[in-house]
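Written out below as structure tokens is the structure these notes cover.
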Amino acid sequence: MVDSRDTIQLNSKLAKSTSWFLGAGVLGVLLCAVSYFQDAQTFFASYLTAFSFFLAISLGAIFFVMVQHLARVGWSVTVRRTAETLANNLLILAVLFLPLLLGVHELFQWSHEDVRLVDHLIQSKAAYLNLPFFFIRTAVYFTVWSVLGWWFLRTSRLQDETKDPALSTRMGKVATFGLILFGLTSTFYAIDWIMSIDAHWFSTMFGVYFFAGAVVAFYCTLILVVTWLKSTGHLKTSVNTEHFHDMGKLLFGHNIFWTYIAFSQFMLIWYANIPEETLFFLHRGEGLWKTISLSLPWLHFVAPFLFLMSHNIKRRPALLATGAALLLTMCYVDIYWLIQPNFHQNGPHFGISDVGSLLAVGGFYLFFLIHNLRQAPLIPVGDPRLNDCLSYDNGIPE
Amino acid sequence: MIPHRDDDPTKRPVLVESSDFHEVTEIIAAPTETKLNTTWILLLMLSGSFLCLMVGLFGYLFWEGTGIWGVNVPVAWGFAIVNFIWWIGIGHAGTLISAILFLFRQKWRTGINRFSEAMTIFAVMCAGVFPAFHVGRIWVVYYIFPLPNQMAAWPNTRSPLFWDVFAISTYFTVSLLFWYMGLIPDLATLRDRANTKVRKFVLSVFALGWRGAARHWQNYERAYLILAAISTPLVLSVHSIVSFDFATSKIPGWHTTIFPPYFVAGAVFSGFALVSTLLIVAREVFGFKKVVRLHHIENMNKFMLLTGTLVGYAYAMEIFVAWYSGNIYERYAFWNRALGEYWWSYWAMITCNVISPQFFWFRWVRRNLIFTFILTIFINIGMWFERFVIVITLHADFLPSSWGYYRPTWVDWWTYIGTFGMFFSFFLLFLKFLPQLAIAEVKGVMPEASPHFHSHDSSNSSNSRH
């Protein structure tokens, strides 16, 4: 059972911090407005980057939640509410997405009639890359995600009250179909909103690459949010060293998976050296972009790999969270690296539009997150596997 | 509706239907301690004769050259590589079960890991014979290794075929070590039960002086964890490197970036299918039903549903991107696969690999042994066709005047069938002379093994940490 002295309800003092996030969001909107009038294309590129970054976190979260139910996982119960709330943020993301609809012509060359007429390749893809179909697909993605994110949090909260184990079984069943929908929608989001910016380039691995990065970003965020909750006096006994160790292991493992996917994609394109594919890496191999490209293997893989290897680090929340924060930054750099070279060929152009977009999307994202964390206990108190989670021990001597 | 005991979220599934350690030892040790039975001997003779056939056909190949195979330009890679990849893929389930499921604390794996690790080792051996003989001049096969020599001739390090040499040999070595290390405590158990001097001596040698001391167990568990950590990347790397054999090329239909994870998913898929095929028979014949429960079979079926669907995703992504690329050669390659001369192999692949595992959505199919057995056979056939479909994409290459139709010869067929003889010969020996399931590990997941088992005020006391 949960220790009755443990704080599992977000305290009201902390809840007040939401106004800071709201403030950041409003400031971000102002900066975005300024940058929009400076250069609309730069603004939309930055906004798409920041948006896709936070979207990746929530997509990773809904994936995690569904896998926990499907695989009937016990150890993760006390951190699952945080993940569910992050996944529920897909609702606010569906709203924050709307400005991007105005930027379609700024972002996508293929959406211009005159470009299509002279570009044979874009012409041959017109059955897929055309605006009506594009908008329908996008609407489907956000509908699926919002429903999934909302439903899992709602059902889990319902279980807090009813303690009904049958709800766990039902969530497991929904997770099977949910994961298939998730796999398809996240793949095609990545193809539509990121890959098709350069409509000539293609890679069958692209959806998997975006997914792999999203899961890493999610684990980083989960570790950070849980550490933050603990450091503010919550979940003292409900989340312990063992849970941090496990989250650290999964972060470590998934980051290796990301590397595997990234390396395979790069190596196969580099090795075959076919011009239509290598262009992607050529664009990212010039000037300062080259430095950013090289930072990915070193700071997204080598440094976290060495850092997270030891269980001494994974079992110390402060250290683990530091590593997670740095790796989360690299997840942003990764998405930045996917999107921005299409708009700034000469080198990265990190400026007011990027800061503004991060503040705007991030501010509202965190505001919504804390707002929702407040509404229910911070752990699913009705979960039938709660005792498994509380008593788990990795068997490592202190 | 009351959920089945295995699905009830308030309980943990029962992994062993026994509460007696001795009974578990008896069940698993029994096949190794009874007299040779006639069926076993006949089966061994049958597989042995197929093994001899394989050896004979390789002798013929050695004498005559690869002209006796169906390979020719444009399909210069035929059955040899198809069978090689098929067998290598089969092995992956064993490594996944012993390494990845171990790291993910999937306790049910203990019921099936020994069995599938043995399968891994024999499957890798069957795979290895194909490239070994395909090099043509088998008497200088050592040139595949970078050995210093007076001609200063070195293997081409840029060739994925050379990477294969290291991928496969590492894989074989680590799998063998993992398997053998897991066997040590069980061999000691058999040694202590041995009733003849010869048996006792042989088992003593292989049990390496295991006494079951606390220090032995401590070293054992640490080594097990380290080997699991080493094997985990191998599950992904081996088949990824095999996929590089195709994907590093510029051949339409071969060069595609999703190949590495797609091959890995397919490998695990086919591996689980073969483990299941063999285990369904073994648990009936040897009476392992208390240790390998329907729950285990069902879990493996879920894995097949998952990996089969992932393979389906990869097929879909390949076709979509072939179209999306706008590249006419790429588009043609896929159109030709589905509707060209080899359409039958493509649709056999889709039916067996994507459609047949979908039956596992139904709980009653997952828990029905006959259905499961039939579906696993379909999957094994489908995964063979997958590699065939990929390889024969070559039949329509860049130069239409050289297009041709690949036909395997009788030698191709019988060599392939011969490898089954090799596989089953080893497998039958394993079934008879080694403990088929991991005795010590199975005992470890029984509730009775918990140090808190006898303190009866249930979950609360076991929660407190010491």
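The values are calculated or read from the model by the stated rules, or taken from the named source; none is laboratory data. Remember, it's a predicted structure, so these values are computed and weren't measured experimentally. Glycine gets a Cβ as well: all are built from the backbone with ideal geometry, and neighbour counts include every protein chain shown.
Identify, please: which residue in region B:150-167 is in a loop (DSSP other than H, G, I, E, B) and of a type in the set (A, V, I, L, M, F, W, C) and is, among those, nearest to B:Ile88 (Cα to Cα)? Across region B:150-167, the extreme among qualifying residues is B:Trp154.
Of note, B:Ala93 satisfies the criterion of being small (Gly, Ala, Ser) and either surrounded by fewer than 24 Cβ atoms within 10 Å (Cβ to Cβ) or within 17 Å of B:Lys302 (Cβ to Cβ) (or both). With the requirement that a residue be surrounded by fewer than 20 Cβ atoms within 10 Å (Cβ to Cβ) and outside any helix (DSSP H, G or I), what does region B:302-333 give you? Answer for region B:302-333, where residues must be surrounded by fewer than 20 Cβ atoms within 10 Å (Cβ to Cβ) and outside any helix (DSSP H, G or I): B:Gly326, B:Asn327.
Checked against the criteria, B:Val242 does not count as crowded, with 17+ Cβ neighbours inside 10 Å and either touching a His at 6+ places or on another chain (Cβ under 8 Å) or more than 14 Å from chain A (Cβ to nearest Cβ) (or both). The requirement of being more than 18 Å from A:Val333 (Cα to Cα), among the basic types (Lys, Arg) and modelled with pLDDT of 95 or more is satisfied by A:Lys249.
For every residue, the table says whether it meets (1) at pLDDT below 95; (2) aromatic (Phe, Trp, Tyr).
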residue: A:Ile223; (1), (2): no, no
residue: A:Thr227; (1), (2): no, no
residue: A:Ser238; (1), (2): yes, no
residue: A:Ala262; (1), (2): no, no
residue: A:Phe266; (1), (2): no, yes
residue: A:Ile269; (1), (2): no, no
residue: A:Asn273; (1), (2): yes, no
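Screening A:Phe133, A:Phe142 for residues that are within 22 Å of A:Tyr332 (Cβ to Cβ), part of a helix (DSSP H, G or I), of a type outside the set (Gly, Ala, Ser) and without any contact (Cβ under 8 Å) to a residue 60 or more places away in the chain leaves exactly one candidate, A:Phe142.
Can you confirm whether B:Thr170 is assigned to a helix (DSSP H, G or I) and surrounded by fewer than 18 Cβ atoms within 10 Å (Cβ to Cβ)? Judged against the criteria, B:Thr170 is a match.
For region B:198-212, the condition of being surrounded by 16 or more Cβ atoms within 10 Å (Cβ to Cβ), more than 14 Å from chain A (Cβ to nearest Cβ), in contact with a His (Cβ under 7 Å, 6 or more places away or on another chain) and not in a helix (DSSP H, G or I) holds for at least one residue. Of the candidates B:Ser19, B:Ser47, the single residue that is polar (S, T, N, Q), farther than 30 Å from A:Val381 by Cβ and modelled with pLDDT of 90 or more is B:Ser47.
A:Arg116 - would you say it is in a loop (DSSP other than H, G, I, E, B), more than 18 Å from the chain's Cα centre (by Cα) and of a type in the set (D, E, K, R)? Outline the logic, then answer.
Values: in a loop (DSSP other than H, G, I, E, B): no; more than 18 Å from the chain's Cα centre (by Cα): yes; of a type in the set (D, E, K, R): yes.
Taking the combined requirement at face value, the residue does not satisfy it.
Selection of region A:299-358 for residues being in a helix (DSSP H, G or I) and of a type in the set (Gly, Ala, Ser) yields A:Ala303, A:Ala318, A:Ala321, A:Gly323, A:Ala324, A:Ala325, A:Ser353, A:Gly356, A:Ser357. Scanning region B:322-337 for residues that are more than 30 Å from the chain's Cα centre (by Cα), in contact (Cβ under 8 Å) with a residue 60 or more places away in the chain and within 19 Å of A:Ile274 (Cα to Cα) returns B:Ala322, B:Asn327, B:Tyr329, B:Glu330, B:Tyr332.
Residues are listed down the side, and each one gets a yes or a no for (1) aliphatic (A, V, I, L, M); (2) crowded, with 17+ Cβ neighbours inside 10 Å; (3) within 14 Å of another protein chain (Cβ to nearest Cβ):
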| position | (1), (2), (3) |
| --- | --- |
| B:Pro13 | no, yes, yes |
| B:Asp20 | no, no, no |
| B:Leu44 | yes, yes, no |
| B:Glu64 | no, no, no |
| B:Ala80 | yes, yes, no |
| B:Gly89 | no, yes, no |
